[in-house]
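Shown next, in structure tokens, is the structure this report addresses.
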Amino acid sequence: MTENIIELKQADLTLGSAAASVHVLKQIDLQVAKGEAVGIVGPSGSGKSTLLMVLAGLERLDAGEIHIAGQPLHSFSEDALADFRGRNIGIVFQSFHLIANMTALENVAVPLELANVPNAFDLARQELVAVGLGERLNHYPGQLSGGEQQRVAIARALAPSPLVLIADEPTGNLDTETGRQIADLLFAKQAERGMTMLLVTHDNSLAARCSRQIRVRSGEIASEPAEATSREAVRA
């Protein structure tokens, strides 16, 4: 029997208040198996990135439950949630989110130090070498190309050996060839480490590389079969 590492039950979230409020997620149920690569697709404003932020522990639900690796994140305190996220969830953003006055090595090592991980700089160095940046350890983000900055971000996400890798439009700021290289790296690392990966993307060809696709529309998961979604991705 396949083990589910992520379970959402009746997940509901409204952002904003009064007249400006938006019902972003509407009682979503979702299960993701351990080691699965899931592509999350849908139009802009559909709620797919918010869904990803809930799964990353960066947004709290108004109602419903979220369990990751059997842990009830919906009932965690902010400190407990931050600790769980730091140890178990790696996050890669479209805009890299590197600290400009830190070297590539420091960008990967400092979060590890803050999480009290032993030998943080040695581990950071290993991860940067593993993503092809062994010669760029002491370069600052401004001295790196977009693809190199995203490799630093991937190394930072992978360094704690997370159970779940979250990627929000990881190729969105890159040219086609660099984006392909970054996608290849993400899927290679996901397979190599047996991680669960959730990937939000507007790139249908990238989504089609996942083992399963989920289409989000107006805050709900569409009921269309996965095969139809895959065919749509191929046609796009």
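Taking the Cβ of residue 127 as the centre, find all other residues whose Cβ is under 12 Å away and add up their charges (Lys, Arg: +1; Asp, Glu: -1). Display every interim value, and only then the final one.
Numbers: positive: 125, 151, 156, 189, 193; negative: 122.
Within the 12 Å Cβ shell, the charges total +4.
Could you tell me how many cubic angstrom of Cα convex hull volume segment 97-231 has per residue?
Numbers: hull volume 17.0 nm³, N = 135.
About 126 Å³ per residue, rounded to a whole number.
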Review point. For residue 145 and residue 212, what is the calculated FRET efficiency with R₀ set at 30 Å and r taken between the beta-carbons, to the nearest 0.05?
Key: 0.40
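So what is the relative contact order of the chain, in percent, for Cα pairs below 8 Å that sit 6 or more residues apart? Display every interim value, and only then the final one.
On the way: 448 pairs, mean separation 63.9, N = 236.
Once divided by the residue count of the chain, the mean separation gives 27 percent.
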**Study point:** Net lengthening on full extension, residue 21/residue 100 (0.36 nm per residue, minus Cα-Cα)
**Key:** 25.0 nm
Review point. So what's the chain giving for Rg/Rh, alpha carbon basis, Kirkwood Rh from the mean inverse pair distance?
Key: 0.96
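Taking the Cα centre as origin and putting +1 on Lys and Arg beta-carbons and -1 on Asp and Glu beta-carbons, what dipole magnitude results for the chain, to the nearest 20 debye? Please report the intermediate quantities before stating the final value.
Values: 20 positive and 28 negative charges, 66 e Å.
In total the dipole reaches around 320 debye.
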Practice item. Would you mind working out the accessible area per residue for the chain, using a 1.4 Å probe, and quoting it in Å²? Key: 47 Å²
Check your understanding: Mean residue ellipticity at 222 nm from the helices of the chain, using -39,500 (n - 2.57) per DSSP H segment of n ≥ 4 over the full residue count, to the nearest 500 deg cm²/dmol?
Key -> -11000 deg cm²/dmol
Exercise for review: Would you work out the relative contact order for segment 108-232, in percent, from Cα pairs under 8 angstrom that are 6 or more residues apart?
Suggested key: 19 percent
Check your understanding: Taking 0.36 nm per intervening residue step and subtracting the Cα-Cα distance, what contour gain separates residue 31 from residue 83 on full extension?
Key -> 16.4 nm
Check your understanding: Which of 143, 115, 94 sits farthest toward the positive end of the charge dipole of segment 77-171, with +1 on the Cβ of Lys and Arg and -1 on the Cβ of Asp and Glu?
Key -> 143
Review point. Given a 1.4 Å probe and every protein chain left where it sits, what share in percent of the accessible area of the chain is carbon and sulfur?
Key: 48 percent
Practice item. Can you pull the one-decimal nm distance between simple spin-label points at residue 62 and residue 222, each 7 Å off the Cα toward Cβ? Key: 2.5 nm
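Charges only on Cβ, +1 for Lys and Arg, -1 for Asp and Glu: so what's the dipole of segment 83-144 about the Cα centre, in debye to the nearest 20?
Values: 4 positive and 6 negative charges, 26 e Å.
Here the size comes out at about 120 debye.
The values are calculated or read from the model by the stated rules, or taken from the named source; none is laboratory data. Note that this is a predicted model, so its numbers are computed, not measured. We place every Cβ from the backbone using ideal geometry, glycine too, and count neighbours over all the protein chains shown. Quick note on the areas: whole protein, heavy atoms, side chains included, nothing else; ligands and nucleic acids left out. Shrake-Rupley method; radii C 1.70, N 1.55, O 1.52, S 1.80 Å.
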